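Presented below is the structure to which this report refers.
Computed from the coordinates by the stated procedures, all read-outs in this text should not be read as laboratory data. As the structure is a prediction and not an experimental result, all values here were calculated from the model. Glycine also receives a Cβ, built like all others from the backbone with ideal geometry; neighbour counts cover every protein chain displayed.
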Amino acid sequence: MIEKVRGIVLQQIKYTDSGIIVRMYTREKGAMSVLIKGMRQRKSRKHNVYFQPFFILDMEVYNKDDRGVQLMKEFTPQYIPKGIQDNIEKTCVALFIGELLSSIFRNEEKNVDLYDYIDNSVRYLDTCTNSFSNFHIVFITKLFGYLGIEPNRPVNGESLYFDMANGRFNIMPPPHGAYADEEVSMILAKFFTSSFDEAMDIKMNGVLRNRTLDTLIKFASIHTPIMREVKSLDVMREIFG
């Protein structure tokens, strides 16, 4: 059956000598892997740019729900993130978040609110003219709410320890070792209780930013057991650390 879908490109994987598999999150079907034949051939390479992370495509696909990879019939770019294309640091952010989402999503079903959140975040990063050093941190903290694993809200003014195993902030350290120290916990409390725009302006140095990112990745790995290693994490540490 041919179906029309709109999808956000998350990750591209080489497939045979001439084809690629593109992992996407679509508005109509949720997570989807799409095979594009011949894309690595010389005459088709100019179109390969459209299958980079954070491009948004309108597609027609030969879809079978019992098949793990669907076949692309044709596509039209719906949104071209030129501001990301032209900025190497933004490109690295897109690659990282695309890989992170691809590692978390396996059979993620249709969730229009989640799709709209990712779509709006793509456009935010693309058009952002101010500092975006916190963008990946903000994106992940807000993402947890759409995945159903958002921690409880901390109580203002208390010394806090972020309990990663149980997804909550405690006054005292929990008895197990899966918790963040007080400094990281306090900064995470700010991110989880701030709006997207407010969180973008939270001040911290590169070392603390990386420690916060590592904590979020560990929390995600605990609560999404299917999550694979995110290979681009080291690049993010280098750029924003």
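Round to the nearest 10 and give me the degree value, 0 to 90, for the angle of helix 112-127's Cα axis relative to the longest principal axis of the chain.
Computed tilt is about 90 degrees.
Would you mind ranking Tyr62, Tyr161, Tyr117 so that the residue whose beta carbon has the fewest other beta carbons within 10 Å leads the list?
Fewest to most other Cβ atoms nearby, the residues stand as Tyr62, Tyr117, Tyr161.
Over what distance in Å are the Cα centres of region 168-241 and region 76-94 separated?
Region 168-241 and region 76-94 have Cα centres spaced 25 Å from each other.
When the Kirkwood radius is taken over all Cα pairs of region 130-241, what Stokes-Einstein diffusion coefficient follows at 37 °C and 0.692 mPa s, in µm²/s?
Details: Rh = 14.3 Å.
D, rounded to a whole number, is 230 µm²/s.
Within region 156-241, report the trypsin sites (Lys or Arg not before Pro) that DSSP leaves as loop and that have at most 16 other Cβ atoms within 10 Å. Walk me through the numbers on the way to the answer.
On the way: sites: Arg168, Lys190, Lys203, Arg209, Arg211, Lys218, Arg228, Lys231, Arg237; in loops: Lys203, Arg228, Lys231.
Passing sites in region 156-241 are Lys203, Arg228, Lys231.
Subtracting the Cα-Cα distance from 0.36 nm times the residue separation, let me have the gained length for Arg106 to Ser195 in nm, one decimal. Please list the in-between numbers first.
Working: separation 89, 0.36 × 89 = 32.04 nm, distance 2.85 nm.
Length gained between Arg106 and Ser195: 29.2 nm.
Within the P(r) computed for the chain, what percentage of the Cα pairs occupies the region above 34 Å? Write down the numbers at each step before the final one.
On the way: 5543 of 28920 pairs.
When all Cα pairs of the chain are counted, 19 percent exceed 34 Å.
Quick one: net charge of Leu101's neighbours, Cβ under 12 Å, K/R +1, D/E -1? Write down the numbers at each step before the final one.
Details: positive: Arg23, Arg106, Arg228; negative: Glu99, Glu108.
Net of charged neighbours comes to +1.
D for region 26-128, whole µm²/s, Stokes-Einstein with Kirkwood Rh over alpha-carbon pairs at 25 °C and 0.890 mPa s: what number? Don't skip to the end; give the middle numbers.
On the way: Rh = 14.7 Å.
For these conditions, the coefficient is 167 µm²/s.
Of the GluC sites (Glu not before Pro) in region 58-158, which ones lie in a loop per DSSP and count no more than 13 other C-beta atoms within 10 Å?
Numbers: sites: Glu60, Glu74, Glu89, Glu99, Glu108, Glu109, Glu158; in loops: Glu108, Glu109, Glu158.
Passing both the DSSP loop test and the Cβ count: Glu109, Glu158.
Once you've got the Cα coordinates, tell me which of Lys90/Lys231; Lys190/Lys218; Lys14/Lys73; Lys4/Lys231; Lys64/Lys231; Lys90/Lys218 are over 26 Å apart. Write down the numbers at each step before the final one.
Values: Lys90/Lys231 17 Å; Lys190/Lys218 18 Å; Lys14/Lys73 18 Å; Lys4/Lys231 32 Å; Lys64/Lys231 31 Å; Lys90/Lys218 23 Å.
Cα-Cα > 26 Å for Lys4/Lys231; Lys64/Lys231; rest within.
Give me, ordered by chain and number, the residues 5 or more places off Lys73 or on other chains with an amide H under 5 Å from its own placed amide H.
It is Glu60, Val61, Tyr62, by chain and number.
Region 77-108: which trypsin sites (Lys or Arg not before Pro) are DSSP loop and have at most 15 other beta-carbon atoms within 10 angstrom?
Numbers: sites: Lys82, Lys90, Arg106; in loops: Arg106.
Those that pass, being in a loop and sparsely packed, are Arg106.
On each of the three principal axes of the Cα atoms of region 98-150, give max minus min coordinate, whole Å, ordered largest first.
That gives 35, 19, 18 Å along the principal axes, largest extent first.
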